[in-house]
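Please read the structure below before turning to the comments.
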Amino acid sequence: MNTVARSHADDVGSLPGMRAARREAFVRLGVETLGDLLRLAPRRYEDRRHPRPTADIEAGETALVVGRVRSSKSFRTRAGLSILEATIADASGTAIARWFYRGFMPTPLPEDRRVALFGVVKTVKNAQPEFKSPELERLAEEGVDDPGCGRFVPVHPRTAGLSAAVVRRAVWDALPAALDVPDPLPAPLRAAHDLPALGETLRALHFPDDLEEAERARRRLAFDELLVHELLLAERRQARRATAAPPLPFPARVRARIEARLPFELTPGQVKAVDEIVADLEQPVPMNRLLQGDVGSGKTAVAVYALLGAVARGLQVAFMAPTEVLARQHTQTLERMLTGSRVRLEQLAGGRRGKGRTAALARIAAGEADVVVGTHAVLSADVQFADLGLVIVDEQHKFGVRQRRELVAKGGTKAAWRRPHCLVMTATPIPRTLALTVWGDMEVSVIEGRIPGRAPVETCVVTAQEARDVMPRVRAELAAGRQAYVIYPLVEESDKIALKDAQAGHERWTRALPEHRVGLLHGRLKRDEKERVMEAFRTGEVAVLVATVVVEVGVDVPNASLLIVEHAERFGLSQLHQLRGRIGRGTTGGLCILVDRSREETPARLEILAADTDGFAIAEEDLKLRGVGDLFGTRQHGRPAFRAAVLPRDLPVLMEARTAADALLSEDPALEAHPALARALKARRSLLDDV
Ligand code: ADP
Ligand code: MG
């Protein structure tokens, strides 16, 4: 191994053979220093431990041959291709290798040079294996270690202008610098979690003795990343626990009054979630809880339960929904439940301006409004609460976490030192453990089980042609007094196209169903127009609602039993599952028709939906397809949330990292004894500022 003294802070340009163009290529890989280079994790390893005697090799084998160049030449074919050919001899015989070039004539290999070939053997002619474009390693003399031969060989990410062999050689040359990389993990911590030291880790990561060692190294790097992530979450948890919130007691008397207002009995799943929430609300520290439940599991009722508790205590509640339509629906639900009570509701929509808004703001600031329902308009700087006790955020994934924090920071003017409790609801079920990693400073409640008496929704995937055959079914449903949604996708680049699709669809459906009213709902409509259409659909006046994705989340019209999704291939699985949740809310079940216009063979992805009705299972599939990166919303920063850690696979490591983070912080809250960790934490804080 190379023994030139190097430091991890040295520029990659300081390595031997590093021309400017090559250095540029490394920079494109995100590698500027030797330390960066050493953290460039291999994508895989090739087993090049044992050379094969050329005489034993069979066609089709992937083989390593080590020998000396017996002869070599280069020549041009009539087709204008240049070929480099070499005959390599080992103790048992010879092998031939050919490489193909266009545009320049390669130099033949020097005779007697010791080399290794690695690749697939195309054919064996006269007991002589022939390689086509194998990897070539120029070897040092026997007895000297080599990065590309006689070991598990790392295959690193590469880029234009950098071959695997060049990256590997650079890592090899940089390796002595690994010894001086400061290890951010204190030795006792490493011992407690059975982690190798950093220098050893980096050596094993690139040049492991076996694959277990390589995996141990990767696990150590994953631990580092997850530890820093957990430190950040622990920091947030502790900050929250150090603030005060008004405790909201739920004595039996209050509970009875709340339950009397709900139009139905809560399911056991809802009761369990309510109990968990109530236990939090009774504490003098702010609750931060995520309420997960599949679409239609009845999250709103659980939220209303908490809401009424806060109101009973004389505190204000902010209820934030992602769309106008939903905010309006929540207002109506609340109005229905609160008729005859003294609870004062205020709706704050984005469009509300002028005198009406000024008066509403004055009432909120004076504490004359108990519950404020609205869209992100609730976040505006001019919305001041008198005494905010609880914030409810519906359909969390539609809001940035920064927005949620802004709302929580509002508190109130009456007791500015304390913070409201926060309940976040989401219908995009994320596997529980994963939720812990993403929103690790949140407690999680899950509504399990279904609401009784619900008939199931049937789902089928049809082609454009088959779609015509559904008309009789549509007519039958409508004739039976039921209603239907027809959904068009929002085209990412242009909502104009989506609008045209939806408008054309609206005309077609209007012509096809002259005896019914067909409504059109899309993002470009004016607010009150949207509300009018939605209201007409809610009352049943409009039988068919043609819409772009505005009905995606939360809309609740129990009489709708049919859902037709156009261009279903353009939707994500979870999104389709959400849409499907719009129907089957009554007692007669529903039919969901996914029209696949992709003209592809068997849309396997969509079939997952037809086969499965469990949102959690679907979310896991979606996760497999999209990866976890999206959950952190860091994609737009162009940096992955984790480099070495792979979730959900590394969940056990994550759990260990969490324990370690708690221990570190309880002993040394400012991480004074761990400057490297403190630095990493600071970097992570700014990366995940939005999460
Ligand atoms: P989601 O979890 O998707 O937000 P909702 O809160 O909109 O679901 O509830 C879906 C429907 O189920 C609503 O019509 C609601 O009135 C009804 N619902 C909720 N809980 C119950 C229950 N315990 N018994 C009967 N119906 C319920
Ligand atoms: Mg909802």
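For the structure I just gave you, tell me whether R328 is over 34 Å from the mean Cα position of the chain (by Cα) and within 16 Å of ligand 2 (Cβ to nearest atom). Answer is no for this residue.
Got at least one residue in the stretch 98-107 being of a type in the set (K, R) and touching an Asp or Glu at 6+ places or on another chain (Cβ under 7 Å)? Yes, there is a match, as at least one residue in the stretch 98-107 is of a type in the set (K, R) and touching an Asp or Glu at 6+ places or on another chain (Cβ under 7 Å). Looking at this structure, is G340 touching a strand residue (DSSP E or B) at 6+ places or on another chain (Cβ under 9 Å), surrounded by fewer than 19 Cβ atoms within 10 Å (Cβ to Cβ) and in a loop (DSSP other than H, G, I, E, B)? No. Taking R216, is it under 23 Å from F642 (Cα atoms) and open to solvent by 60 Å² or more (accessible area, probe 1.4 Å)? It is true that R216 is under 23 Å from F642 (Cα atoms) and open to solvent by 60 Å² or more (accessible area, probe 1.4 Å).
In the stretch 111-121 there is no residue matching the filter, namely being aromatic (F, W, Y), crowded, with 18+ Cβ neighbours inside 10 Å and touching a Gly at 6+ places or on another chain (Cβ under 7 Å). Among the conditions (1) among the charged types (D, E, K, R); (2) within 49 Å of the chain's Cα centre (by Cα); (3) at pLDDT 95 or above, E137 misses just one, which is (3). From the list A187, A279, A252, A244, the one residue that fits, being modelled with pLDDT of 90 or more and touching a Pro at 6+ places or on another chain (Cβ under 8 Å), is A244. Residues in the stretch 152-177 that are crowded, with 19+ Cβ neighbours inside 10 Å and outside any helix (DSSP H, G or I): 5 in all. Considering every residue within the stretch 371-384, establish whether at least one is at pLDDT 95 or above, open to solvent by less than 20 Å² (accessible area, probe 1.4 Å) and away from ligand 1 (no atom under 16 Å from the Cβ). Checked against the condition, which is being at pLDDT 95 or above, open to solvent by less than 20 Å² (accessible area, probe 1.4 Å) and away from ligand 1 (no atom under 16 Å from the Cβ), the stretch 371-384 yields at least one hit. Restricting attention to the stretch 315-329, does a residue exist that is hydrophobic (A, V, I, L, M, F, W, C) and over 23 Å from S380 (Cα atoms)? For the stretch 315-329, residues hydrophobic (A, V, I, L, M, F, W, C) and over 23 Å from S380 (Cα atoms): absent. Counting only helices (runs of 4 or more DSSP H) wholly contained in the stretch 219-317, the ones carrying 3 or more residues that are away from ligand 2 (no atom under 16 Å from the Cβ) and of a type in the set (D, E, K, R) occupy 252-261, 268-281.
Pairs meeting the criteria (first residue in the stretch 252-277 and touching a residue at least 40 places away in the same chain (Cβ under 8 Å) and closer than 18 Å to S445 by Cβ, second residue open to solvent by 80 Å² or more (accessible area, probe 1.4 Å) and away from ligand 2 (no atom under 16 Å from the Cβ), beta carbons under 8 Å, at least 6 apart or on different chains) are T267/P452; G269/E448; K272/E448.
Look through A386, A377, A321 and report the one residue that is in contact (Cβ under 8 Å) with a residue 24 or more places away in the chain and over 34 Å from the mean Cα position of the chain (by Cα). Only one candidate passes the filter, namely A386. Among residues of the stretch 110-136 that are over 23 Å from D47 (Cβ atoms), those with a beta-carbon under 8 Å from a residue that is in a strand (DSSP E or B) and among the polar types (S, T, N, Q) at least six positions away or on a different chain give the pairs P110/S72; E111/S71; E111/S72; Q128/T94.
Given the conditions (1) more than 22 Å from the chain's Cα centre (by Cα); (2) farther than 11 Å from A484 by Cα; (3) crowded, with 21+ Cβ neighbours inside 10 Å, and given that L579 satisfies all but one, which numbered condition is not satisfied? Of everything listed in (1) more than 22 Å from the chain's Cα centre (by Cα); (2) farther than 11 Å from A484 by Cα; (3) crowded, with 21+ Cβ neighbours inside 10 Å, L579 misses just condition (1). Of the residues making up the stretch 252-299, those that are open to solvent by less than 30 Å² (accessible area, probe 1.4 Å), β-branched (V, I, T) and within 14 Å of ligand 1 (Cβ to nearest atom) are I258, T267, V274, V295. Tell me whether the stretch 92-103 contains one or more residues that are of a type outside the set (S, T, N, Q) and in contact with a helix residue (DSSP H, G or I) (Cβ under 7 Å, 6 or more places away or on another chain). Scanning the stretch 92-103, I find at least one residue that is of a type outside the set (S, T, N, Q) and in contact with a helix residue (DSSP H, G or I) (Cβ under 7 Å, 6 or more places away or on another chain), so the answer is yes.
Yes or no, residue by residue, for (1) outside the structural domain of L308 (by TED's automatic domain parsing); (2) part of a loop (DSSP other than H, G, I, E, B); (3) open to solvent by 30 Å² or more (accessible area, probe 1.4 Å); (4) at pLDDT below 85:
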site: R405; (1), (2), (3), (4): no, no, yes, yes
site: G412; (1), (2), (3), (4): no, yes, no, yes
site: A415; (1), (2), (3), (4): no, yes, no, yes
site: T437; (1), (2), (3), (4): yes, no, no, yes
site: G440; (1), (2), (3), (4): yes, yes, no, yes
site: S445; (1), (2), (3), (4): yes, no, no, no
site: G449; (1), (2), (3), (4): yes, yes, yes, yes
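The values are calculated or read from the model by the stated rules, or taken from the named source; none is laboratory data. Since we're looking at a predicted model, the values are computed, not measured. Note: ideal-geometry Cβ built from the backbone for every residue, glycine included; neighbour counts use all protein chains shown. Heads up: the accessible areas ignore ligands, DNA and RNA and are worked out on the full protein's heavy atoms, side chains in. Shrake-Rupley method; radii C 1.70, N 1.55, O 1.52, S 1.80 Å.
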